[in-house]
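Visitor: I'd like to ask you about the structure that follows.
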Amino acid sequence: MKNIFNIGDIVTLKSHPLFNDNYSKINCPASQVPPLMLVKEILFEDEKKKVFSDEIENVIIADKIKYTCVFFNNNKSEFVEKSIYQSFLKSHKELKYFRKENKDKNDHRDTLIHEVDSYINAQYCFGHIVNFKTVKLENKKKFDETDYKYIHTFTSPEFLLSGLKINESKKIYYNDGKPKKITSDFLYKVLWYNHNQQKNSEIYLPIEFFIVPFVSKTFKVINKNSEILSPH
């Protein structure tokens, strides 16, 4: 079984309403919409992992691939990690965002998804501003009726780059050379104002999570496929 998603990919639960709303506004309570998440680690179970039920024949109860996924909880102003089976996830590429009636149904989706897919990772520069990759997709959700406090549950603030280090959680392989765990090579430390705790918070996360928030000649960037440069 091969992994569908890679480090830094945007994913969410298959139950996300924007997979089914056909370019209309979300018609369920905002509090029931799952977050958009980024893949932090890919975990492969060994061949002995039980995926079928012992009680009912041919009933699948688990996956051999799961992901450590990360999202930002705006209410608590903190990052949250969840371990989720591959079978439960879909890519952001299939989300259908609300469109106005006088627009071609594919215009808004294609423009927004294309923009997100063209993001480039921010190169490390101490004190520069970066965005979490899901921020625009979370901000663009539209609801029929909802409680305002839940609309921006998973949006994120701007972050300041405050550190860079090699990831101590190394890639791990089985004896036959097949991967057991895939991780990012480098981690950024980012700082933000934590409104819930009334203080500044910091955390280390994969460099693939953070993007350039605006075009600036003074803000250097690296391509997704480029090697990260050492900080100066």
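Visitor: For the stretch 129-150: of the residues being surrounded by fewer than 19 Cβ atoms within 10 Å (Cβ to Cβ) and in contact with a Phe, Trp or Tyr (Cβ under 8 Å, 6 or more places away or on another chain), which is modelled with the highest pLDDT?
Guide: 129
Visitor: Could you please give the count of residues in the stretch 38-63 that are buried (at least 17 other Cβ atoms within 10 Å of the Cβ) and over 24 Å from residue 204 (Cβ atoms)? Show your work before the answer.
Guide: The first filter runs over the stretch 38-63 and keeps only residues buried (at least 17 other Cβ atoms within 10 Å of the Cβ), leaving 38-44, 63.
If we keep only those that are over 24 Å from residue 204 (Cβ atoms) as well, we get 63.
The qualifying residues number 1.
Visitor: Still on this structure, please answer the following. Do you know which of the residues in the stretch 180-218 that are within 23 Å of the chain's Cα centre (by Cα) and modelled with pLDDT under 95 is surrounded by the most Cβ atoms within 10 Å (Cβ to Cβ)? Working first, answer last.
Guide: At the first step, the residues of the stretch 180-218 found to be within 23 Å of the chain's Cα centre (by Cα) are 180-196, 200-215.
Subset that is modelled with pLDDT under 95: 212-215.
On the way: 212: 19, 213: 17, 214: 7, 215: 7.
That would be 212.
Visitor: Only residues in the stretch 173-190 that are in contact (Cβ under 8 Å) with a residue 60 or more places away in the chain count as the first member; pair them with residues that are surrounded by fewer than 17 Cβ atoms within 10 Å (Cβ to Cβ) and of a type in the set (Gly, Ala, Ser), Cβ under 6 angstrom, at least 6 apart or cross-chain, and list the lot.
Guide: Taking only residues 6 or more apart or on different chains, the pairs are 183/169.
Visitor: Scan the stretch 64-73 for residues that are in contact (Cβ under 8 Å) with a residue 40 or more places away in the chain and more than 13 Å from residue 37 (Cα to Cα) and jot them down. I'd like the intermediate steps shown before the answer.
Guide: Initial filter on the stretch 64-73 (in contact (Cβ under 8 Å) with a residue 40 or more places away in the chain): 64-65, 67, 69-73.
Listed by number, the residues that qualify are 64, 65.
Visitor: Let me confirm something: among 103, 96, 76, 49, which residue is out of contact with any Asp or Glu (no Cβ under 9 Å at 6 or more places or on another chain), assigned to a loop (DSSP other than H, G, I, E, B) and at pLDDT below 95?
Guide: Numbers: 96 fails: out of contact with any Asp or Glu (no Cβ under 9 Å at 6 or more places or on another chain); 76 fails: at pLDDT below 95; 49 fails: out of contact with any Asp or Glu (no Cβ under 9 Å at 6 or more places or on another chain).
On inspection, the qualifying residue turns out to be 103.
Visitor: I'd like to verify a number: residues in the stretch 21-46 that are under 20 Å from the mean Cα position of the chain (by Cα) and either without any contact (Cβ under 8 Å) to a residue 60 or more places away in the chain or assigned to a loop (DSSP other than H, G, I, E, B) (or both), how many? Reasoning before the result, please.
Guide: Just the residues of the stretch 21-46 that are under 20 Å from the mean Cα position of the chain (by Cα), to begin with: 30-44.
Filter once more, keeping what is either without any contact (Cβ under 8 Å) to a residue 60 or more places away in the chain or assigned to a loop (DSSP other than H, G, I, E, B) (or both): 32-36, 39.
Here the count works out to 6.
The values are calculated or read from the model by the stated rules, or taken from the named source; none is laboratory data. Source: prediction; values computed, not measured. When we count neighbours, we look across all protein chains shown, and the Cβ atoms used for this are built from the backbone with ideal geometry, even at glycine.
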